[in-house]
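The block underneath contains the structure these notes are about, expressed in structure tokens.
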Amino acid sequence: ANGGTNCIVCTVLVGLVEQLAQVYNEGAVEALERFCSFLPEQLQAPCRAGAEIFAPYIAEAIYNKETPDVVCHAIGFCKVDPGHKACHIFPVPKEGMDAALRRIQEVKKMRQGREF
Amino acid sequence: TDICDIPGIKEICNIFDRAFSSHLPADDLDKDGFSTMKLLDNDCLTLSQGLDSETGLPYEEVLCNGTEPRGLILLGDSIGAHFHLPPQWFEAKSLNPSVFKDLLFILENEIDWPELSTATGHVNNTFGEVIKGPVDSIYMRLRERNRCNHRDYQNIGVNGGRSGSMNSTIVRSLVRNRMSDYPALVNIELVGNDVCNGHPDTLAHMTKPKEFRNNMLDTLQYLDEVLPEGSHVWVSGLANGSLLYANVHDRIHPLGSLRNDITYTDFYNYMNCLEISPCSGWLTDNSTLRYLTTKRAFELNDVLRNITANSRYKNFDLYYQDVPIDEVIAEWEAQGGQGWQLIEPVDGFHINQLANALGAAHIWEMLEKDHPNVLGKVNPNNDRIKQLFGDQGGY
């Protein structure tokens with residue numbers, strides 16, 4: 001439901017990148033690169049390929065102080081199925097989860113317009 | 001066409017299918033069911049090499065005959081396989097290349113560590129920071145008791161294993177030659193998955209007692225066809241999983257360790273919201289649901305007690321044993337420890353390395369006290385075997 005395993009994997013990864021950025025006092029793109037450099041050689045290329053696609057959105061969202069839950073809803077790995085409530089593991093944004101998701105809907109529409 | 005029909009990829013799909021669906025070794029060139037190639041005994045004993053100079057008889061006859069050797073076989077779930085996700089993977093401050101060094105090895109083993117587990121642990125824990133704690137196991141103690149048991153173990157613990165899949169798949173990947181292999185000491189250990197699932201209406205998806213009974217009877221019937229005469233089977237009951245929430249619910253999850261902002265209750269609720277919880281009946285802040293899940297677990301234990309009290313088999317004797325997690329926690333707390341120190345930090349569901357080792361000691365003592373016959377005698381030739389064969393070729 002709500003994106004299931006894809007959602008938890010996205011949220012954990014974005015959460016770790018965001019925390020790495022804090023620990024090393026750097027931007028999200030550098031933190032993502034650092035995360036990929038920790039992986040075994042064989043996995044670094046796929047990691048960087050994934051980072052190429054998602055880094056702009058993750059960086060923008062983290063720069064805007066979005067929570068990892070909201071970021072993963074914005075890039076589509078998490079969603080709210082009919083009849084379900086939004087899931088989150090990180091603290092809820094001040095404006096509340098539903099308001100935050102409504103706000104990023106605009107971002108998602110724009111992105112879909114740009115063939116995200 | 002299916003990608004697995006394409007020549008070349010087909011073989012890769014077969015390897016994956018063997019390993020992750022049939023739970024058979026991925027590479028098994030000599031098809032003896034044991035993954036590494038050995039030209040000698042299929043139970044990998046090294047005592048078959050050479051003849052005793054005094055008697056002219058094979059060493060295995062001189063040093064093992066009559067000493068009641070046996071193999072240890074674990075049939076079970078992720079607890080038996082020893083599922084462990086390194087907490088460092090979820091802590092930004094701990095992330096560095098060394099914590100991911102064994103990533104592919106860990107994934108290939110389905111994040112299980114049978115080589116360090118309660119049943120079949122047999123290597124020193126040299127994996128560094130990703131898994132810490134002592135190693136002790138039933139197999140290691142059987143080997144100490146009789147060196148002729150060296151390398152005679154199988155861990156067929158499968159993540160998610162429950163009585164249905166145990167009967168349909170898991171038990172059928174057990175390998176034992178009834179004529180040439182020693183008797184086996186088998187542990188069937190299904191600690192929770194018959195009452196654990198990720199469904200929101202979890203109670204409706206739990207195994208019912210009648211179905212559970214049929215599955216277990218079929219599994220035991222199959223074992224009676226494949227085990228050598230003189231084997232022993234002990235069935236572990238389901239756990240009281242309520243103790244998980246009781247011990248960790250208000251503690252900080254590794255993913256929240258940087259800002260202390262995620263508790264295990266948050267983690268449990270998140271998994272339940274995504275409907276991917278390994279056990280939504282126990283990993284929940286709903287106390288009524290935890291009670292009802294434990295109630296079903298105890299109903300299934302009554303089924304096991306009834307089966308072991310009333311069933312007789314040709315090739316093995318059968319025992320029931322409560323899973324001792326409550327006692328192990330109580331013993332640990334009596335030494336000044338705390339229950340949460342025995343629970344896996346990332347999933348808050350499995351027992352950790354320390355608990356695996358403490359569990360082995362506790363189960364061994366229970367078996368020695370209640371059913372010493374299943375362990376076999378102490379081999380008087382142990383010292384001679386050590387003197388002649390050293391570590392018997394290791395692992």
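Structure above, values below:
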quantity	calculated
Residues whose placed amide H lies under 5 Å from that of B:I351, excluding near-sequence neighbours	B:E344
Integer Hz, Karplus 6.51/-1.76/1.60 couplings in order for the stretch B:235-251, x for Gly and Pro	9, 8, x, 7, 7, 8, x, 4, 5, 5, 4, 4, 8, 10, 3, 9, 8
Additional length obtainable on full extension of the chain from B:H199 to B:I3, 0.36 nm per residue less Cα span	67.4 nm
Global size of the stretch B:305-395 as Cα Rg and Dmax, reported in angstrom	18.1, 47
Pairwise FRET efficiency - B:H371 versus B:Y291, Cβ, R0 = 25 Å, nearest 0.05	0.20
Overall form of the stretch A:1-41 per C-alpha gyration tensor (a/c, 1.5; a/b vs b/c)	oblate
Size descriptor, Kirkwood hydrodynamic radius, that averages inverse alpha-carbon separations across chain A, Å	14.6 Å
For B:340-349, mean number of other protein chain Cβ atoms within 10 Å	0
At least 18 Å along the helix axis (C-alpha) and Kyte average at least 1.0, DSSP helices within chain A	A:4-23
Distance in nm between pseudo-label sites at B:N96 and B:E333 (7 Å out along the Cβ direction from Cα)	3.7 nm
Length gained when the stretch B:N125-B:D27 is fully extended (0.36 nm per residue, less Cα-Cα span)	32.8 nm
Degrees between helix B:209-226 axis and first principal axis of chain B (Cα, 0 to 90, nearest 10)	20 degrees
Among B:L274, B:L354, B:L304: highest mean-square fluctuation, GNM of chain B, C-alpha pairs under 10 Å	B:L274
Tilt relative to chain B, helix B:325-334 - C-alpha long axis, 0 to 90 degrees, to 10	80 degrees
³J(HN,Hα) computed for each position of the stretch B:300-315 - Karplus, 6.51 cos²θ - 1.76 cosθ + 1.60, integer Hz, glycine/proline x	5, 5, 4, 4, 5, 4, 5, 4, 5, 7, 10, 9, 10, 10, 5, 9
Nitroxide proxy distance, nm - points 7 Å out along Cα→Cβ at A:R48 and A:K108	3.2 nm
Calculated on alpha-carbon atoms, Rg and Dmax of chain B in Å	21.8, 71
Computed Rg/Rh of the protein assembly as shown, alpha carbon atoms with Kirkwood Rh	1.01
HN-Hα J in Hz across the stretch A:86-95 - Karplus 6.51, -1.76, 1.60, θ = phi - 60°, x for Gly and Pro	5, 9, 8, 10, 7, x, 5, x, 3, 6
Within chain A, longest stretch clear of exposed trypsin sites (Lys or Arg not before Pro) (DSSP loop, no more than 10 other Cβ within 10 Å)	A:1-64
Space enclosed by the convex hull of the alpha-carbon atoms of the stretch B:63-154, per residue, Å³	97 Å³
For B:Y320, distant residues with modelled amide H under 5 Å away	B:V235
Shielding by other protein chains, B:124-131, mean Cβ within 10 Å	0
Rg/Rg_ref, the stretch B:258-352, where Rg_ref = 2.2 N^0.38 Å and atoms are Cα	1.41
Residue-averaged [θ]222 nm for chain B, counting only DSSP H segments that reach four residues, each worth -39500 (n - 2.57)	-10500 deg cm²/dmol
For B:D77, residues with placed amide H under 5 Å, excluding near neighbours	B:V158, B:E189, B:V191
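Just so you know, all these numbers are worked out from the coordinates, no wet-lab data involved. For clarity, every value in this text was computed on a predicted model and none was experimentally measured. Neighbour counts are summed over all protein chains in view; Cβ atoms, including those assigned to glycine, are modelled from backbone coordinates with ideal geometry.
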